[in-house]
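As structure tokens, the structure follows; a few thoughts come after it.
The values are calculated or read from the model by the stated rules, or taken from the named source; none is laboratory data. The structure displayed is predicted, hence computed values, not measured ones. Please note: Cβ atoms are built from the backbone with ideal geometry, for glycine as well, and neighbour counts cover all protein chains shown. Calculation scope for accessible area: heavy atoms of the full protein, side chains included, ligands and nucleic acids excluded. Shrake-Rupley method; radii C 1.70, N 1.55, O 1.52, S 1.80 Å.
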Amino acid sequence: MTNQSPEQEPVTIVDNRKVDPETGEVRQAAAAEGAAAAPADSAGENQDSAQPASENGSDSLADAISGELAERTADLQRLTAEYTNYRRRVERDRKAAVETAKAAVVTELLGVLDDLDRARAHGDLESGPLKSVADKLSDALRKQGLEEFGVEGEPFDPTLHEAVQHEGDGHDPVIGVVMRKGYRFGDRVLRHALVGVTDGVADLAATPDATNAGTDAGTGEQ
């Protein structure tokens with residue numbers, strides 16, 4: 001029986017040196033590995049540099065959205081204020097129109113009130129159905145805001161009273177006689193009172209004193 005020795009596998013030696021020891025030049029495999037590593041490094045650097053750029057873009061978008069929101073909010077506030085002012089103006093105009101219409105109707109009835117005052121002065125409204133009608137009409141107009149003015153002894157006011165006669169020369173004129181009542185409707189004067197003006201009580205009281213003083217002075221001189 002013959003002993004056979006197994007075959008030995010050939011030994012392969014791989015030279016991994018990147019520099020050729022004989023020539024001193026860089027081998028092509030090492031250069032290729034360096035070139036492959038360089039793009040990987042540059043790709044990592046580009047990724048790192050792209051991250052701040054992305055963050056800057058997000059900040060710019062947030063700023064743009066905030067500015068747009070602020071602008072739309074200001075527009076909404078302006079429209080709300082304009083609408084509120086419009087409603088107030090419409091309500092004010094509506095009330096003014098209603099008051100003007102009421103004043104026009106009441107003005108047409110002032111002649112009726114004058115006739116009732118004359119009938120009352122003659123005693124025709126002391127009793128009977130006409131008295132009830134006159135009282136109801138006066139109450140209804142008063143509830144709507146009609147007020148009468150012009151009473152004897154009341155201080156004379158040229159913005160409310162129209163003087164057709166003036167007795168005396170005092171500086172404190174009062175109403176001496178009322179020829180026609182005046183009427184106001186709210187803040188609006190519908191008709192001035194027609195009155196006669198005389199001196200006030202203070203002027204009348206001061207007149208005798210002045211007269212006596214003048215008389216005493218004349219007596220003293222004599």
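The residue pairs whose first member lies in the stretch 94-108 and is farther than 12 Å from residue 187 by Cβ, whose second member is open to solvent by 70 Å² or more (accessible area, probe 1.4 Å), and whose beta carbons are closer than 9 Å, counting only pairs six or more residues apart or on different chains, are 100/188; 102/144; 105/144; 106/144.
Listed by position, the strands (runs of 3 or more DSSP E) enclosed by the stretch 110-199 that each have at least 3 residues that are modelled with pLDDT of 90 or more and among the hydrophobic types (A, V, I, L, M, F, W, C) are 173-180, 193-199. Taking the criterion of being surrounded by fewer than 16 Cβ atoms within 10 Å (Cβ to Cβ), closer than 22 Å to residue 103 by Cβ and among the charged types (D, E, K, R), would at least one residue in the stretch 186-194 satisfy it? Looking for residues that are surrounded by fewer than 16 Cβ atoms within 10 Å (Cβ to Cβ), closer than 22 Å to residue 103 by Cβ and among the charged types (D, E, K, R), one finds at least one in the stretch 186-194, hence yes. Screening residue 114 against (1) among the charged types (D, E, K, R); (2) in contact (Cβ under 8 Å) with a residue 12 or more places away in the chain; (3) in contact with a helix residue (DSSP H, G or I) (Cβ under 8 Å, 6 or more places away or on another chain) leaves a single unmet condition, (3). Restricting 64, 96 to residues that are part of a helix (DSSP H, G or I), under 25 Å from residue 145 (Cβ atoms), modelled with pLDDT of 70 or more and open to solvent by less than 90 Å² (accessible area, probe 1.4 Å) narrows the list to 96. Looking only at the stretch 117-157, filter to residues that are farther than 18 Å from residue 190 by Cα and in contact (Cβ under 8 Å) with a residue 12 or more places away in the chain; which one of those is least open to solvent (accessible area, probe 1.4 Å)? So the residue we want is 134.
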